[in-house]
Amino acid sequence: MAEDQNSVRLLESFLAAGKTFALVCHAPGALRHVKTPDGKPLVQGKSVTGFTNGEEEEVGLTKVQNWGVHTVADGQLITGQNPASSGPTAKLLIDTLNKKAG
């Protein structure tokens with residue numbers, strides 16, 4: 001997905017429309033080429049999370065929080081670290097959307 005221009009355009013259209021969106025586990029890699037409407041990398045200056053190297057290598061706990069629930073919200077972007085973060089990331093997205101609607 002990181003190299004797929006259709007995915008990049010879709011995410012950029014979400015940004016341009018002011019939509020909040022979430023990516024979990026390996027999916028934040030799709031943000032690699034996503035640009036803001038003013039042409040800057042979306043992740044520039046943003047706090048994000050995704051699958052850790054330690055989780056990728058299936059090693060024990062290191063300096064990062066392996067296999068635990070971890071979500072990050074920064075503006076329109078919400079990311080979750082790993083599969084255990086899927087539910088909490090979805091809840092954070094729903095809560096964020098409800099706040100915007102209310």
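Odds and ends about this structure:
- Label-to-label distance, nm, for residues given as K35 and D74 (7 Å Cα→Cβ offset): 2.0
- Amide H to amide H, with H built 1.01 Å from N, H26 comes under 5 Å of F51, counting only residues 5 or more places away or on other chains.
- Förster radius 25 Å - calculated FRET efficiency between H26 and N6 (Cβ-Cβ, nearest 0.05): 0.90
- With Cα atoms, 0 to 90° folded angle of helix 5-16 axis to the chain main axis: 70
- Over the chain, the hull volume per residue, using the convex hull of the C-alpha atoms, is 98 Å³.
- Converting phi to 3J(HN,Hα) with the Karplus coefficients 6.51, -1.76 and 1.60 and the offset θ = phi - 60°, the stretch 94-102 yields 4, 4, 5, 5, 4, 5, 5, 6, x Hz in sequence order, with x at every glycine or proline.
- Whole-number accessible area per residue in Å² for the chain, which is evaluated in the context of all protein chains at 1.4 Å: 60
The values are calculated or read from the model by the stated rules, or taken from the named source; none is laboratory data. Predicted model only: the values in this text are computed from it and were never measured. Positions of Cβ are backbone-derived with ideal geometry, glycine not excepted, and every protein chain shown enters the neighbour counts. Remember, those area values only see protein heavy atoms, side chains included, never the ligands or the DNA or RNA. Shrake-Rupley method; radii C 1.70, N 1.55, O 1.52, S 1.80 Å.
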